[in-house]
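Every number in this text was worked out from the coordinates using simple rules, so none of it is lab data. Just so you know, these numbers come straight off a predicted model, no measurement behind them. FYI the Cβ positions are ideal-geometry reconstructions off the backbone, even for glycines, and counts take in every protein chain you see.
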Amino acid sequence: MADFKESPLKAVQIEALVVMKIIKHSSQTFPTVATGSLVGMDVNGTLQITNTFPFPTVDVPATDGHQDTAANLAAAAPRAKANIVYQNEMIRCLREVNVDANNVGWYTSTSMGNFVNANTIENQFFYQKEMNERTVALVHDVSRSVQGSLNVRAYRLSPSFMISYKENKFTTDSLQKSGLRYQDIFVELPLTVHNSHILTSLLHQLPTSPPKEELQFPPSLAALKQDPNAPRNPLAPNFESLDLSIDPFLEKSCDLLLESIENHHTELNNHQYYQRSLAREQTKISAWQSKRKSENVSRAAAKQPLLPEDEWQRLFKLPQEPSRLELLLNSRQVEQYARQVDGFTAGVSGKMFAVKSNLLPNEG
């Protein structure tokens, strides 16, 4: 059994150019999933991602119900045999031009945080199963980023989940022994966006048009130390912050949350059906064993050869317990949607409490 130890990685540092490449690829392929490879190096526990390139996907016509097939091919691209050869060839070319050529993981795009699925797990397990590896999965949420706030997160599979997934043991007994919970599937690493010193210097030295009006001398020494980029009037009114409309992303997140809860209920019903079928078979086996024991007692009294008492293993077939993996993934996805709903409602709830007296003048 492989020993999956704690990750030596403590943080992830991604270059701004890599972020721009991921955003461009994800926007071009939206709503289809975009995937690609990440290259970089591990420096004292910080995984520095310095370059990236997308995986080619097979074009499938979106007719006759083939749209889901195209989406599945795109989501499973990181572990496709053809893309493994393509990735190795790309890394060889990067090495020839003296670019960091160590594979450090893969990235995927998602919409509304819907990334906790079998494809994500299989892709990350494919990268993370090797000993002494240094790989992460970057998840870029396209729908959240269009609002103006970049949403990129770095994940790894936990060691306990890696062991269970390798052994494919997701029964009730194995989960109770290992103590694996849906919260233990992913481990999120802190992520920072980095710019090189040369790029930072260039941004500070971008030419600007000369002022058309006469410059005013600072009135005091304190004014010289004041940040020129700071707002002159921090108390200026911002009417957008007073908007009480419900965020459309909140409604969509609630719909996805309800859908995941229904899927969770369906999985529970399937497991309850298995338990009822198992109880019926065990009742039949117990009745058969009691009957066989009484027959052997009668045959022993008549000095006749005894009948085998383990024959029930051939006559009866116990139902196989369904895997609880889908239930774990769905529970983790429900938690993801719940976090999004909590984030969306935080701002709206504060505004509602602020104007409660105006909305309900007769109360308070």
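Give me the number: length gained by fully extending Ser27 to Cys93, i.e. 0.36 nm times residue separation minus the C-alpha to C-alpha distance, one decimal in nm.
Numbers: separation 66, 0.36 × 66 = 23.76 nm, distance 2.62 nm.
This chain segment gains 21.1 nm when fully extended.
How many angstrom lie between the C-alpha centres of segment 150-197 and segment 107-133? Taking the Cα centre of each part, segment 150-197 and segment 107-133 sit 10 Å apart.
Pairs spanning more than 32 Å between alpha-carbon atoms, out of Lys169/Lys252; Lys10/Lys81; Lys81/Lys169: Lys169/Lys252. Dipole magnitude for segment 248-359: computed about the Cα centre from +1 point charges on Lys and Arg Cβ and -1 point charges on Asp and Glu Cβ, it is near 600 debye.
Take the Cβ atoms of Ala223 and Leu203, set R0 to 30 Å, and the FRET efficiency comes out at 0.75.
Projecting the Cα atoms of Ile285, Leu307, Val334 onto the charge dipole of segment 248-359 (Cβ charges, centred on the Cα centre) puts Leu307 farthest toward the positive pole. With the highest mean first, a sort of the peptides 23-36, 313-326 on other beta-carbon atoms found within 10 angstrom per residue produces 23-36, 313-326.
So if R0 is 22 Å, what FRET efficiency would Gln313 and Lys166 give, r being the distance between their Cβ atoms, rounded to the nearest 0.05?
Values: r = 29 Å, r/R0 = 1.33.
That pair, Gln313 with Lys166, gives E of 0.15.
In summary, the lysines within cross-link reach of Lys293, defined as a Cα separation below 21 angstrom excluding same-chain residues under 8 places away, comprise Lys284, Lys303, Lys317. Taking a straight Cα-Cα cut-off under 17 Å and skipping sequence neighbours fewer than 8 places away in the same chain, the lysines within cross-link reach of Lys166 are Lys5, Lys129, Lys177.
Give the shape of segment 11-198 as rounded, prolate or oblate, defined through the alpha-carbon gyration tensor: a ≥ b ≥ c are the square roots of its eigenvalues, a/c under 1.5 means rounded, and otherwise the shape is prolate if a/b is larger than b/c and oblate if not. Verdict is rounded for segment 11-198.
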